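Scroll down for the structure; my scribbles are underneath it.
The values are calculated or read from the model by the stated rules, or taken from the named source; none is laboratory data. Keep in mind that what you see is a predicted model, and the values were worked out from it rather than measured. A quick note on method: Cβ atoms are made from the backbone with ideal geometry, for glycine too, and the neighbour counts reach across all protein chains shown. All accessible areas refer to the heavy atoms of the entire protein, side chains included, with ligands and DNA or RNA removed. Shrake-Rupley method; radii C 1.70, N 1.55, O 1.52, S 1.80 Å.
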Amino acid sequence: MSSIDYAEKIPNNVNLQNDRTLQRALEHWQPRFLQWWHEMGPADFESANVYLRTAISVDAQGWAHYGTLRMPDYRWGIFLADPVADRRIGFGDQMGQPVWQQVPGEYRSTLRRLIVTQGDTEPASVEQQRMLGHTCPSLYDLRNLFQINVEEGRHLWAMVYLLHAYFGRDGREEAEELLARHSGDENKPRILTTFNEPMLDWLSLFCFTYFTDRDGKYQLKSFAESAFDPLSRTCRFMLTEEAHHMFVGETGISRVVKRTLEVMKELGTDDPARIRARSAIDLPTLQKYLNFWCSSSLDLFGSEISSNSASNFASGMKGRPDETTYDDHVLRDKTMKLGTPEGEQEVPMLNALNEVMRESYLKDCEIGLKRWNRMIERAGHAFRLTLPSSRFRRSIGPWAGVPVDTHGKMIDRAEYERCLEDWIPSERDRSFVGSLMKRVIEPGKMAAWIAPPERGINNLAIEHEYVNLH
Ligand SMILES: [Fe+2]
Ligand SMILES: [Fe+2]
């Protein structure tokens, strides 16, 4: 197993010191990254001491080392999962042939675009979250936010390594651009819409890490199947980091639900106004946040019918998540029925792979919903949280711009416009949630709208001082 060399300026397990040109190019990019972190990373927390985990090896058992450090001193580096001996292409028209250690010329621009699009989301999320430290509900949560931020920074490194190592001058230029675009920037926005949405409160953060980081998981899983082996190995290691981000989302929402149920019990009511008066988030408001972030994240899978998805699969560039669990890996003579506003359409399966991925993603999203609904049911309430239909509020694909309710039923446009503020957070909802965002930094204390976690980080107490702000 390859170990990570921390004596190097850029920690890595890819023998960077044996490739001086690449090493120099990345060492040239490194100060730019640090400058970006300084300008666009968690604002005003550069001197805070944070209890962070750092990768020390790439195997699944105990890869992490925990310690207290300042975020700018985090050892961002290049870590690939170990190679699989004699790995073969697992799907598409070249199935069974050896995987690629270099980029085949005919796939070069497509692969570069896929890597750049993935890479762009990583720093984008750090930029979106940069002000949240000021309103943390606890030191435990503050530390989790920062852990996610440094890891998304490392995910940027993961993609920049591929661009530098395999795409020559174009790749180096793209690596510069990844630091030049910014979330929400009018002139140079991030590539994907979800990553330009403002994130002003922690309820949005928990929904984002639940839904949008989960989209990340699905993208990484499909790249882990790729015939381009360095991409596969890079993404396999990123997935081990990604799990924590979704944990933060799922447990964050659980704790919101738990706290709300406590307040409902104390007050003996489910009246949103009275729950809000006690500084808790009523369940209908939570539902609106789920609707917003889920529908936004569904667009990230792309159009239901897509010739790109077909060629990416057929060529071996991008598989389905958990490709081995399917029977047919070529899909040349399969079709799929898709619902469109014009009625049902039968399309070649290869062209419907975005939808296949979106459906398995939605199934994965259900897991948290079940858990939260069990809590609500056990507390004796009839209310149930749900996922919106995958046709709701879409801006990509055949359902883009079609007025559809959260159950997927086509409705009159005027009615849609009128109801929208019952389905996604209104200005009033956002300002109410915003009013709850007051910073709590006494060790072990929680803001009024969220219950404490079940346990601390790495077996430490919940009261541990996870971030020392001096
Ligand atoms: Fe990431
Ligand atoms: Fe993530």
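The figures follow:
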{"item": "Net charge contributed by nearby residues that have their C-beta within less than 14 Å of PHE432 (K/R +1, D/E -1)", "result": "+2"}
{"item": "Taking only Cα atoms of the range 84-235, radius of gyration then Dmax in Å", "result": "17.0, 52"}
{"item": "Modelled FRET efficiency - R0 60 Å, LEU469 with ASP93, Cβ distances, 0.05 increments", "result": "0.60"}
{"item": "Inter-part distance where the range 133-183 and the range 400-470 are each reduced to a Cα centre, Å", "result": "24"}
{"item": "Net charge over other residues, Cβ less than 13 angstrom from the Cβ of LEU179 (K, R count +1; D, E count -1)", "result": "-4"}
{"item": "Neighbourhood net charge (12 Å Cβ-Cβ; Lys/Arg +1, Asp/Glu -1) for ARG214", "result": "-2"}
{"item": "Accessible area (Å², per residue) of the chain, counting only protein heavy atoms and a probe of 1.4 Å", "result": "42"}
{"item": "Rounded percent of accessible protein surface that carbon and sulfur make up, the chain, 1.4 Å probe", "result": "48"}
{"item": "Sites ASP5 and SER431 - FRET efficiency at Förster radius 41 Å, r taken between beta-carbons, to 0.05", "result": "0.25"}
{"item": "Alpha-carbon centroid distance for the pair the range 236-255 / the range 68-114, whole angstrom", "result": "22"}
{"item": "Estimated D of the range 233-275 in µm² per second, where Rh is the Kirkwood radius over Cα pairs and Stokes-Einstein applies at 37 °C, 0.692 mPa s", "result": "261"}
{"item": "With 10 Å bins from 0: P(r) over the range 1-153, alpha-carbon pairs, percent", "result": "9, 30, 35, 19, 7, 0"}
{"item": "Cα-only radius of gyration and Dmax that characterise the chain, units Å", "result": "22.6, 68"}
{"item": "Within the chain, helix-based [θ] at 222 nm, where runs of 4 or more DSSP H residues each add -39,500 (n - 2.57), nearest 500", "result": "-15500 deg cm²/dmol"}
{"item": "Base-10 log of normalised Debye intensity for the range 184-235 (one unit scatterer per alpha-carbon) at q = 0.29, 0.30, 0.31 Å⁻¹", "result": "-1.00, -1.03, -1.06"}
{"item": "Distance between the range 186-235 and the range 15-67 - C-alpha centres, whole angstrom", "result": "19"}
